[in-house]
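What follows is calculated from the coordinates using simple rules that are stated; it is not laboratory data. Worth saying up front: this structure is predicted, and the values here are computed from it rather than measured. Please note: Cβ atoms are built from the backbone with ideal geometry, for glycine as well, and neighbour counts cover all protein chains shown.
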Amino acid sequence: MTTSLLESARNLLAGILDLGRTRFELFSTELREELTRLAAAIVGGLAILVFATIGLGFGAVAIILSVSEANRLTATIGTAVFFFLAAGAAWLIVRRVAAMKAKPFEDTIGELRRDLTALKQ
């Protein structure tokens, strides 16, 4: 092999390795962002869930105890129906929010697609 051919091969390999390194850095950045977003959503969601459950539980008990004894069964059933409806509404909201999030690692995948297109030309 000639020196110029060997040098060209080294330069090509160095360029490919540099391109790969750049893509992996982008991937790791996106992975960190995705994990941070997920952790914040889980912690925030659990905190809201715990405090809302406690507050709604105390509120339900207060409502049930505040009505006359003859109407407590009706108040209890009404409170239970309210909680089931609220849970259904919360489930729909969570599904809608989850569907709005873009695909994870979309930037990395796009860059790899552009690299592949450039190599095919």
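Can you tell me which residue within the stretch 83-105, out of those that are within 28 Å of Arg37 (Cα to Cα) and not aliphatic (A, V, I, L, M), is surrounded by the fewest Cβ atoms within 10 Å (Cβ to Cβ)? Checking each candidate, the answer is Lys103. When Ala60, Ala47, Ala80 are checked against the criterion of being in a helix (DSSP H, G or I), in contact with a Phe, Trp or Tyr (Cβ under 9 Å, 6 or more places away or on another chain), surrounded by 10 or more Cβ atoms within 10 Å (Cβ to Cβ) and among the hydrophobic types (A, V, I, L, M, F, W, C), a single residue qualifies: Ala60.
The residue list Leu12, Leu26 contains one member that is touching a helix residue (DSSP H, G or I) at 6+ places or on another chain (Cβ under 6 Å), of a type in the set (A, V, I, L, M), within 27 Å of Leu116 (Cβ to Cβ) and part of a helix (DSSP H, G or I), which is Leu26.
Please tell me if Leu65 is without any contact (Cβ under 8 Å) to a residue 12 or more places away in the chain and assigned to a helix (DSSP H, G or I). Steps first, answer last, please.
On the way: without any contact (Cβ under 8 Å) to a residue 12 or more places away in the chain: yes; assigned to a helix (DSSP H, G or I): yes.
Judged against the criteria, Leu65 is a match.
Taking the condition of being free of Cβ contacts under 8 Å to residues at least 12 places away in the same chain and either of a type in the set (A, V, I, L, M, F, W, C) or surrounded by fewer than 11 Cβ atoms within 10 Å (Cβ to Cβ) (or both), how many residues in the stretch 9-44 meet it? Qualifying residue count, the stretch 9-44: 22.
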